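Undergrad: Encoded as structure tokens, here's the structure I'll be asking about.
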Amino acid sequence: MDILIIIEDNNGKIHRMGLESITAAQHMSDKLGLSASVLVMGKNADSLASEASAYDMDEVLVLKHDLLNEYSSDGYAEAVTQIIDSESPTYVLFGHSYQVRDYVPKISAKLMQPFLADSIAIHFDENNVSLTKQMFNAKLLSDINPNGDAPYLISFQSASFLSDDAKAGSASLREASVTLDSSMIKTDSEEPFKESSGGVDLTAAELIVSVGRGIGKEENIPMVQDLAEALGAEISSSRPVVDSGWLPPSYQVGSSGQAVSPKMYLALGISGAIQHVVGMKASKNIVVINKDPEAPIFEIADYGIVGDLLEIVPKLTEAIQSK
Amino acid sequence: MKIAVLVKQVPGAESPLPIVSSQDWLDESQVAYIMNESDNYALEEALQIREKNNDGEVVVVSLGPDRTQKVIREALSKGADRAIHIQTEGNYPTDPLVGASLFAETLKDESFDLIFSGLQSDDLGFGQTGVILGELLGMSTATLAMSTEILDNKIKVKRELEAGYFQWVTMSLPASISVQSGCNTPRYPSLKGIMGAKKKEIKVLTPAVVDQNQSIKKIYAPNSSKETVMVEGSVDQIVEKLLNIFRNEIKIT
């Protein structure tokens, strides 16, 4: 087996990043003439298998086991490790989801094989494969080579490949099996829950003024609220502002907050860590004010201002109000 | 309760990041280093557990060259009891499997009940070290921890899931937990803490670094994929131009 894609369950449907991994595998197959198969597991394995079998893949491996019905990092890591041992894939692909961050490093340790995590692109030259990864808070990119023999564990960042690009086709189903016992699973998980939000719904907002660490201190937040009010915009923030307790968690945009796509997203003092960018890059117009010209947020800006938001924001508010 | 905290020294958010001519690392002489952000929260979580139990030891463990002792001192001045510095000359491992193996080799005889780490480093950002280390030492593991509760020989962890969900996970000790930033409020060092830190032990170890399973071939600045209109001038000119963009380009009414 050349490529094995591990599909994540999202309440009975394939997690969006699983479809993106299928696109990635098809891209690799086209380039290198490799075979690609999919592994589905857990209590929804059957529905995931039927969904996966409608894509252009060789095989869908269906793994069912009582101890895999609910996710556990120990159970999933052990199961995937055993499948890798029996199927000997060269590349094992994952979407870089929260679940993958939780259990795939264990597989890396069990196999003593590299996990090239959070990659955004894959390249082949001659017989070498390299993966591109963001580093230093997305300010720089690096090309990374796995050393030594396969298997190589690879996860792709959200939206590195597009789920819509996954080619339809048909794949045959095959039962897979592993040997697990309950003593391997050291964690006991309760049902997932949502915190009572009572917060704002930013997903339908037309205009958003968003504030990041560059605001400096809590006392400066009202300045941003004044601007939002003058514009008739909602206010939101990046994670550091919420972590500091300057705004409640419900205002957070990004991978652990809300995903927004307003007509205008005005980013004030936000550096543009990927966890934030995934939540706002679909905005129609991104306007950035940041004093650091190297801030990665400028890469996705439609309009950029390198300057001190503490000087610009009050004057901008005043100018809007006086119109 | 014996607790280890992994801390890493990384370039600060506003540090210059000049790339060396061989294009495989930074010119470290021009980099301004700080403690990795989420590691501050890992340290705070450990200190709070020690204080709540009124018993135990918090040991800060860091891997890196000489400069790393700055963040080790910072952790000691915030209240860690002692430190282990795994010193690497020149080649800092950029492979999390190698880094975690060095931690495992160093910590295996210490018999820690808990190991705390930040969820990922702000330089390489693999986000694997705490989990791999836990696995290598046969410990329970959990990631993206938002809060923790010590029970009888167990730890209960509130984990962050995607799309605003959380989940409580209980596991036996020993456990290696990597924490999400924002899970507590990290303290500042007191003057007394800073003075006291000078007397605390830093054990320096210099293990051999083994071959890496993955290596950085090239580091480079990204190409902007988007045409960005830069708005320049004095503050008044910028405000005037922005109003014009709002009105005529973005068409905010």
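The values are calculated or read from the model by the stated rules, or taken from the named source; none is laboratory data. Being a predicted model, the structure only gives us computed values, none of them experimental. Cβ coordinates were reconstructed from backbone atoms using ideal geometry, including for glycine residues, and neighbour counts include every protein chain displayed.
Undergrad: Could we say that A:Tyr71 is among the aromatic types (Phe, Trp, Tyr) and assigned to a loop (DSSP other than H, G, I, E, B) here?
TA: yes
Undergrad: Taking into account only those residues within region B:202-238 that are under 22 Å from the mean Cα position of the chain (by Cα) and more than 7 Å from chain A (Cβ to nearest Cβ), which is nearest to B:Ser22 (Cα to Cα)?
TA: B:Val209
Undergrad: Looking only at region B:103-118, count every residue that is surrounded by fewer than 22 Cβ atoms within 10 Å (Cβ to Cβ) and in contact (Cβ under 8 Å) with a residue 60 or more places away in the chain and tell me the total.
TA: 6
Undergrad: Is it true that B:Ile115 is facing another protein chain (nearest Cβ under 9 Å) and of a type in the set (Val, Ile, Thr)?
TA: no
Undergrad: Of all residues in region B:90-144, count the ones that are part of a loop (DSSP other than H, G, I, E, B) and either under 29 Å from A:Leu140 (Cβ atoms) or of a type outside the set (D, E, K, R) (or both).
TA: Within region B:90-144, residues that are part of a loop (DSSP other than H, G, I, E, B) and either under 29 Å from A:Leu140 (Cβ atoms) or of a type outside the set (D, E, K, R) (or both) number 21.
Undergrad: Quick test of your reading of the structure: B:Phe166 fulfils all but one of (1) closer than 30 Å to B:Asn53 by Cβ; (2) free of Cβ contacts under 8 Å to residues at least 24 places away in the same chain; (3) in contact with a Gly (Cβ under 9 Å, 6 or more places away or on another chain). Name the failing condition by number.
TA: It is condition (3) that B:Phe166 fails.
Undergrad: Next question. Working only within region B:147-201, note down all residues that are away from every other protein chain (no Cβ under 13 Å) and part of a loop (DSSP other than H, G, I, E, B).
TA: B:Asp152, B:Arg187, B:Tyr188, B:Pro189, B:Ser190, B:Lys198, B:Lys199, B:Lys200, B:Glu201 - these are the residues of region B:147-201 that are away from every other protein chain (no Cβ under 13 Å) and part of a loop (DSSP other than H, G, I, E, B).
Undergrad: Which residues, taken from region A:109-139, are over 25 Å from A:Phe298 (Cβ atoms), assigned to a strand (DSSP E or B) and among the polar types (S, T, N, Q)?
TA: Matches in region A:109-139: A:Asn128, A:Ser130.
Undergrad: Any chance you could count how many residues in region A:24-50 are part of a helix (DSSP H, G or I), more than 18 Å from A:Val100 (Cα to Cα) and touching a helix residue (DSSP H, G or I) at 6+ places or on another chain (Cβ under 9 Å)?
TA: 2
Undergrad: Being closer than 19 Å to B:Gly127 by Cβ and crowded, with 18+ Cβ neighbours inside 10 Å is the filter; apply it to region B:147-166 and report the residue that is modelled with the lowest pLDDT.
TA: Here the residue is B:Leu161.
Undergrad: Return a yes/no flag: does region A:150-166 have any residue that is within 7 Å of chain B (Cβ to nearest Cβ) and part of a strand (DSSP E or B).
TA: No: region A:150-166 contains no residue that is within 7 Å of chain B (Cβ to nearest Cβ) and part of a strand (DSSP E or B).
Undergrad: Read through the list (1) within 11 Å of chain B (Cβ to nearest Cβ); (2) more than 20 Å from the chain's Cα centre (by Cα), then give the number of the only condition that A:Ile297 fails.
TA: The number of the failed condition is (2).
Undergrad: How many residues does region A:158-168 hold that are surrounded by fewer than 20 Cβ atoms within 10 Å (Cβ to Cβ) and either without any contact (Cβ under 8 Å) to a residue 12 or more places away in the chain or not small (Gly, Ala, Ser) (or both)?
TA: Matching residues across region A:158-168 total 4.
Undergrad: How about region A:179-283: which helices (runs of 4 or more DSSP H) wholly inside it have at least 1 residues that are modelled with pLDDT of 95 or more and surrounded by fewer than 22 Cβ atoms within 10 Å (Cβ to Cβ)?
TA: A:221-231
Undergrad: Still on this structure: For A:Phe136, work out the one condition from (1) facing chain B (nearest Cβ under 8 Å); (2) more than 22 Å from the chain's Cα centre (by Cα) it doesn't fulfil.
TA: Every listed condition holds for A:Phe136 apart from (2).
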